[in-house]
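The values are calculated or read from the model by the stated rules, or taken from the named source; none is laboratory data. These numbers were taken from a predicted model, which means no experiment stands behind them. Heads up, the Cβs are rebuilt from the backbone with ideal geometry, glycines too, and the neighbour counts pull from every protein chain shown.
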Amino acid sequence: MNGSGHAELHAANRKLLRKLLIVALGMFGFGFALVPFYETICEVTGIRNVFKPDTVSAENTQVDTSRTVSVEFDSNTQTLAWTFKPLEGSLAVHPGAVTQVIYEVRNTLDRPVTGQAVPSYAPQYAAGYFKKLECFCFKQQTLAPGEVRRMPVVFVIDPSVPADVRAITLSYTFFEVAGTRGKRG
Amino acid sequence: MSAVIDGQAHEEHHEHHPAGLMRWVTTTNHKDIGTLYLWFSFIMFITGGILALGLRMELFQPGMQLWNPEFFNQLTSMHGLIMVFGAIMPAFVGFANWQVPMMIGAPDMAFARLNNWSFWLLPVGATLLVSSFFVPGGAVAAGWTIYAPLSTQMGPGMDLGIFALHIMGASSIMGSINIITTILNMRTPGMTLMKMPMFVWTWLITAYLLIAVIPVLAGAITMVLTDRHFGTSFFNAAGGGDPVMFQHIFWFFGHPEVYIMILPAFGIISTVIPAFARKPLFGYSSMVYATASIAILSFIVWAHHMFTVGMPTAAQLFFMYATILIAVPTGVKVFNWIATMWKGALSFETPMLFAAGFILVFSVGGFSGLILAIAPIDYQVQDTYYVVAHFHYVLVAGSLFAIFAGLYFWLPKWTGHMYDEKLGKWHFWLSMIFFNITFFPMHFLGLAGMPRRIPDYALVFADYNAIITIAAFGFGLSQLIFLWAVLKCIRGGEKAPARAWEGADTLEWTHLPSPAPYHSFHDQPDVK
């Protein structure tokens, strides 16, 4: 191989190296781009709507007074020094009736803390019939030191809920949002 | 054959490398680096194998015998990580280093010093990974898939594991860039892309896959790292993240990754079978297109690893059908190999035994893969030993057997000596028999509902598990025969002719003596 051919090859190799490195860096970015992409897909397909108010269609606002469902309210905190409780332990609710319940939370720490409540339901399949129109769990809550906050949940139980569902437990767990130290809210 | 003389003449005045240990630390020679890769992967293979035998010992009988469950989890996770990132992938890069330049008539890899660095990152990464056994909380115990939230919660062993994966991933990316550049820019004049040996083709496609998906893995584990230490919430539900998203990003890397571990194996098999059938490879261009199709399809099937996490039926159907579609190009390959053997003048030396064994046993793994691809069946066998049986049939009987086939095939070219055929045959038959006794009953265990990654099991599974453990030890010990055969071949033996296999027709056999000189093809050969 002669000298100029060698230099040419060297330059061609370096050019390809740069291109391939850009591809690799681009794919590293693509890994992170999958995050908003995933969230958009979840939003569009409605897979993950725990942080969004539910919408209730017109036919589901008919109150079914023929039966009542007992809704039990539960509250927990996960490694978070807040006191957190519902003002009422349970309510008897007609399917279709818009109902409100108040939860009270107190930050017992001497620093502002941001928390996020995550709801869960028992029985699990009742989640599909439990429509929250308003909830403190739709956004993060930042509490000043010692602050007490009363927060409403407004919900409707879908009248199409199966007849064997006589009681639904709505349980919230408050997690501290790590790393925010009360900055967001 | 005049190039043989040229090659030897050049050997004289190019042999100026440091002797002893420094030769290996500072080497930029593709053959030295190939050797380093292969020995490294063998050491990792033994390490991962010992971990596997450790977990098989626990599973010999029902009930808790030797390890606590936490340590058992570390054994399964580290076995997987070490075998995937330490044994199989570096072994194929070792083959690429040795063979790609010789098969395309290039003097060396495109970036010789980068090549040295790619290799020497590996022992660093492996040391980090293995040393995680000795930190508080122990080694990675979240499975080789390091799913969140397990990986975002466990101790500092996970940090070591993540750094190790970053380093080994960087090594893979640099190695791939090197391989692509070598193949695209340094082929000998006259060797068009469609005249390249199949092994070179499969590595070209594999290297592109690596560049496309290893950075995605790097992104995923970087997110785990920032979730662990910097307060982000990519996978933390409380902060608005989603642990299921980790699975999506991981398997976007993970499925192409399984083809990264099998495509070079296809390349080796496509080289070995024509040599021992004494016929050209049947359907060369369909092989190229099949390999490319498999690689492209691998990007749109990832969610078949996670049918049960919850996704819309339409998505499940899409991933199911796309997965089943991959059976078409894979079937093309299997039929082409069989057609190559059809009416060939077959002989069954050890490389051919491993290659023929590969087709048989890999096909079993391919079929169980098809069964797993069917979403409703997958719901039943998800996370059972059926899955363990499936991926060991494709990874051990697939990738590993192909590596053995390739090693026995090219050892004469690399060492200049024929290996001991009797040892090779013992190695093949014992491996084949013990492999099947180890992994075939796992299909039954899985269908009967035995969950994977659990240190204890119901009494009904006891007999099969006892048999499996004994056979696993048999398989492990059989690999010592392999070590013996390789060492014996390096130290001496019958002198190998330049063209050690009469049916082998690639440049390293037709244009270079055995052993291949330290520097080859400084003057590039002409091919028709």
May I ask you to list the residues in the stretch B:201-228 that are aromatic (Phe, Trp, Tyr) and facing chain A (nearest Cβ under 9 Å)?
B:TYR208
Could you go through the stretch A:13-36 and let me know if any residue there is over 30 Å from A:THR169 (Cα atoms), within 8 Å of another protein chain (Cβ to nearest Cβ) and at pLDDT below 75.
no
With the structure loaded, tell me whether B:PHE440 is among the aromatic types (Phe, Trp, Tyr) and surrounded by fewer than 19 Cβ atoms within 10 Å (Cβ to Cβ) or whether it fails that test.
yes
Are there any pairs with C-beta distances below 9 angstrom linking a residue in the stretch B:105-128 that is within 14 Å of chain A (Cβ to nearest Cβ) to a residue that is among the charged types (D, E, K, R), with the two at least 6 apart or on different chains, and if so which?
B:GLY105/B:ARG187; B:GLY105/B:ASP526; B:ALA106/B:ARG187; B:PRO107/B:ASP523; B:ASP108/B:LYS31; B:PHE111/A:ARG14; B:ASN115/B:ASP108
Extreme residue, nearest to the chain's Cα centre (by Cα), among residues of the stretch B:326-345 that are surrounded by fewer than 16 Cβ atoms within 10 Å (Cβ to Cβ) and farther than 17 Å from B:PHE266 by Cα
B:TRP342
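Each row is one residue, and each column tells you yes or no for (1) in a helix (DSSP H, G or I); (2) surrounded by 21 or more Cβ atoms within 10 Å (Cβ to Cβ); (3) not small (Gly, Ala, Ser).
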site	(1), (2), (3)
B:LEU483	yes, no, yes
B:TRP501	no, yes, yes
B:ASP505	no, no, yes
B:ALA516	no, yes, no
B:SER520	no, yes, no
B:ASP523	no, no, yes
B:VAL527	no, no, yes
Which residues, counting only those in the stretch A:1-12, are more than 7 Å from chain B (Cβ to nearest Cβ), at pLDDT 90 or above and either touching a helix residue (DSSP H, G or I) at 6+ places or on another chain (Cβ under 7 Å) or surrounded by fewer than 12 Cβ atoms within 10 Å (Cβ to Cβ) (or both)?
A:ALA11
Here the qualifying pairs (Cβ atoms under 6 Å; residues six or more apart or on different chains; first in the stretch B:180-200 and more than 14 Å from chain A (Cβ to nearest Cβ); second small (Gly, Ala, Ser) and in a helix (DSSP H, G or I)) come out as B:MET198/B:GLY267; B:MET198/B:SER270; B:PHE199/B:GLY267
Filter the stretch B:219-233 for residues that are without any contact (Cβ under 8 Å) to a residue 24 or more places away in the chain and surrounded by 21 or more Cβ atoms within 10 Å (Cβ to Cβ) and give the result.
B:SER233
Return the pair list, or none, for Cβ contacts closer than 9 Å from residues in the stretch B:444-471 that are more than 12 Å from B:GLN61 (Cβ to Cβ) to residues that are acidic (Asp, Glu), at least 6 apart or on different chains.
B:PRO451/B:ASP383; B:ARG452/B:ASP383; B:ARG453/B:ASP383
Of the residues that sit in the stretch B:194-218 and are of a type in the set (Phe, Trp, Tyr) and buried (at least 21 other Cβ atoms within 10 Å of the Cβ), which one is farthest from A:LEU34 (Cα to Cα)?
B:PHE199
Taking strands (runs of 3 or more DSSP E) that do not extend beyond the stretch A:106-185, which have at least 3 residues that are surrounded by 17 or more Cβ atoms within 10 Å (Cβ to Cβ), among the aromatic types (Phe, Trp, Tyr) and at pLDDT below 85?
none
For the stretch A:1-40, which residues satisfy the criterion of being among the small types (Gly, Ala, Ser) and farther than 27 Å from B:PRO107 by Cα?
A:GLY26, A:GLY29, A:GLY31, A:ALA33
Taking the stretch B:146-168 as the search range and keeping residues that are surrounded by 17 or more Cβ atoms within 10 Å (Cβ to Cβ) and polar (S, T, N, Q), which one is nearest to the chain's Cα centre (by Cα)?
B:SER151
